[in-house]
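Accompanying notes for the structure given below.
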Amino acid sequence: MSYDIYFLRRRDGQSWDDVLEAMEDAAEDSEQIPVRLLEAWDRIVPQARSLLGDVEITEYEQESRDLSHSDTGIDLSVFGDEVSITVPYWHAGNEAAGVVDRVFALAAIVENETKLTAYDPQVERPLRETPPQKPAVLMSRITEDLRSRYGS
C-alpha cells in the first residue's frame, strides 16, 4: 500500500474522474516513453538528487524509468506516458510531515519539467490545491492503522 500522486494532463471541461479513467485505460497499452518525457526525465533526475540525496535509478530500455529513495521509500516512476510518485505507508507524525514536504517538492519539479498536473487521488484534488498537512495527517493515520493491525 502506498500514498500515490499521479501526473495528468487535463483538457478544458474534463473532470478529474474522466482523466483518471483515461489514464487507467491507457495503462493497459504498454508503450515507449514519449521523447518529451525522456527529455524531462533527464532534467528531473539531477534536481531530485539535489532534493533527496542518494537515489537509485533504474532504466528499462524505452519503456520505463524509476527513481527510488531508500530512506523515505519515495519512488518516482515513468512507465510509457504515465508518471507517478508513490510512498509506502511507513511514516507517521513528524516523519510523515517531512516526507510529504519532500513529495510536494519533488512533485513541483516534475510538474515544472513535464507540464503535467500533480493529482492526489487520496484527497481527490490537484496537489497544488492541497495543504501539505492533509496528506501528512492521512499518511500518518493509515500508517498507524496498519501498524496496529499488522505490527511494525
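Residues in region 57-87 that are surrounded by fewer than 16 Cβ atoms within 10 Å (Cβ to Cβ) and closer than 27 Å to Leu138 by Cα: Asp66, Ser70, Asp71, Ser77.
Each residue in region 82-93 was checked for being of a type outside the set (A, V, I, L, M) and part of a strand (DSSP E or B), and 4 of them qualify.
Candidates are the residues of region 122-141 that are aliphatic (A, V, I, L, M) and out of contact with any strand residue (DSSP E or B) (no Cβ under 8 Å at 6 or more places or on another chain); the one that is surrounded by the most Cβ atoms within 10 Å (Cβ to Cβ) is Ala136. Cβ separations smaller than 9 Å between residues 6+ apart or across chains give the following pairs from region 32-43 residues that are over 15 Å from Phe7 (Cα atoms) and in contact (Cβ under 8 Å) with a residue 60 or more places away in the chain to residues that are of a type in the set (S, T, N, Q) and in a helix (DSSP H, G or I): Arg43/Asn112. For region 94-152, a tally of residues being charged (D, E, K, R), closer than 23 Å to Ser15 by Cα and in a helix (DSSP H, G or I) returns 4. Which residues, taken from region 95-150, are among the hydroxyl-bearing types (Ser, Thr, Tyr), under 21 Å from Met23 (Cβ atoms) and either in contact (Cβ under 8 Å) with a residue 60 or more places away in the chain or touching a His at 6+ places or on another chain (Cβ under 7 Å) (or both)? Result: Thr114, Thr117, Tyr119. Note on region 74-87: among residues that are under 11 Å from the mean Cα position of the chain (by Cα) and not β-branched (Val, Ile, Thr), the one that is farthest from Leu116 (Cα to Cα) is Asp75.
We did not get these values from a lab; they are worked out from the coordinates using the rules stated. Predicted, not measured: the structure shown is a model, and the values here were computed from it. So basically every Cβ, Gly included, is an ideal-geometry build from the backbone, and we count neighbours across all protein chains shown.
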